[in-house]
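What follows is a set of notes on a single structure, which appears directly below.
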Amino acid sequence: MTKLALSQVTLCCVDGTPRLPWALKALQRCLDRVTFGETILCTDRQTLGEQPLPEGVRLVEIEPLRSIEAYSEFMVKGLAQHVNTSHVLVVQWDGFVLNPTAWRDEFLEFDYLGAPWNHIAEPYTVGNGGFSLRSLRLLQALQDPAVMPTHPEDLCICKSYRSFLEARGLRFAPAALARQFAVEDDALTAEVFGFHGPYHLPAVLEPAETLAFVQSLESVAICSHYFGSLLRELASGARNRPQLMPALLAFQQLIQRGLERFEGPASLTPQALGVCKALIRHGQFAAAARLLRQRRQAGAGPQLKLRLRLGVNLLAARLSGRGR
């Protein structure tokens, strides 16, 4: 099958984290589907180590990015000097090109294109930076001293400085077109060009690789923003595809390790309450009961005790319903 040719687009991934092996896989999946004008990986030598680059990928050695804020600063201020084409397709470890036939040349008429956000209202809906198309004109405009990089970088570009950039003639894609380009918050479809979000991986990876992905996670994943969504997709996926059950079981083991992070006062935090709700919502009743016990032992105050009772009642109702 003839690959999509995008000679005017650079494929780029910027990663200085332990997720770099998965970022390399994401680059390879994009290269399997599309021929780009150039492909670059921006990382530091220590993080890369002895890992081989996919064929055709140029290494751009940068200073270590020691925080997520440093990543955002690089994306706003540091990326422009490494791009030699009219546009750059930015990907991260948890997203890649899905369907090259969904590409539309109309995408190149805009300076920024990313999956719409469901939690941000118009006119700032577009969009997510984890799988995004950006023009070199945009990258160059961001070098203006008036632009101060903030985290997250996509909100910095698409909300904080959108009016500033539009006043200089730069164009952000409309939400309707962005939905044809990429998905983050919404469900995957066969008509979308690419996606971003680790919770989509169980639907696009083979079961064995999904298991490897789950096994690569550390217990801190229980505190991540994507925890509930990934648990949802693994639980629902395993119901429809029994081959995903090993990955779900591995994730359940990770949850048990992760709950150690919520011992003592940490069990009373809003984050712990959110994890507990996600566990109940997606059928992980034993783990939810453990976390509820940790909250009780930590001595919840009056309001937290009320939430605890509600959680216990909900858990009991779920258990009762499951037993019928």
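The values are calculated or read from the model by the stated rules, or taken from the named source; none is laboratory data. As the structure is a computational prediction, the values presented were derived from the model and not from experiment. Ideal geometry is used to build each Cβ from the backbone, glycine not excepted, and the neighbour counts take in all protein chains shown. Ligands, DNA and RNA are stripped out before the accessible areas are found, and what is left, the full protein with its side chains, is counted by its heavy atoms. Shrake-Rupley method; radii C 1.70, N 1.55, O 1.52, S 1.80 Å.
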### Query
Cβ under 13 Å from residue 118's Cβ, residue 118 left aside: what net charge do those residues give with Lys, Arg +1 and Asp, Glu -1?
-3
### Query
Which net charge results for the neighbourhood of residue 17, defined as the other residues with beta-carbon distances under 12 angstrom from its beta-carbon, given Lys and Arg at +1 and Asp and Glu at -1?
-2
### Query
Want the number for residue 175 to residue 150: 0.36 nm per residue separation, take away the alpha-carbon distance, what's left?
6.7 nm
### Interatomic Cα distance distribution for segment 1-85, bins of 5 angstrom, percent
3, 14, 26, 24, 19, 10, 3, 1, 0
### Residues of the chain: accessible area per residue with a 1.4 Å probe, Å²
47
### Message
I need the calculated FRET efficiency for the pair residue 77 and residue 99, taking r as the beta carbon distance and R₀ as 35 Å, to the nearest 0.05.
### Response
0.60
### Query
Per 20 Å bin, what percent of the C-alpha pairs of the chain does each bin hold, from zero upward?
29, 53, 17, 0
### Query
Once the piece of chain linking residue 293 and residue 106 is laid out straight, how much longer is it, given 0.36 nm per residue of separation minus the C-alpha distance between them?
61.8 nm
### Summary
Working note, segment 189-279: Cα radius of gyration (Å, one decimal) and Dmax (Å, whole number) are 13.8, 47
### Message
Using 0.36 nm times the number of residues separating residue 67 and residue 50, minus their current alpha carbon distance, what extension gain do you get?
### Response
3.9 nm
### Task
Evaluate segment 112-229: find the radius of gyration of its Cα atoms, find its Kirkwood radius, and give the ratio Rg to Rh.
1.03
### Query
Label-point separation (nm) for residue 140 and residue 220, each offset 7 Å from Cα along Cα-to-Cβ?
3.8
### Query
Which net charge results for the neighbourhood of residue 165, defined as the other residues with beta-carbon distances under 15 angstrom from its beta-carbon, given Lys and Arg at +1 and Asp and Glu at -1?
+2
### Message
Given R₀ = 30 Å, what would the calculated FRET efficiency be for residue 5 paired with residue 187, taking r from the Cβ atoms and rounding to 0.05?
### Response
0.55
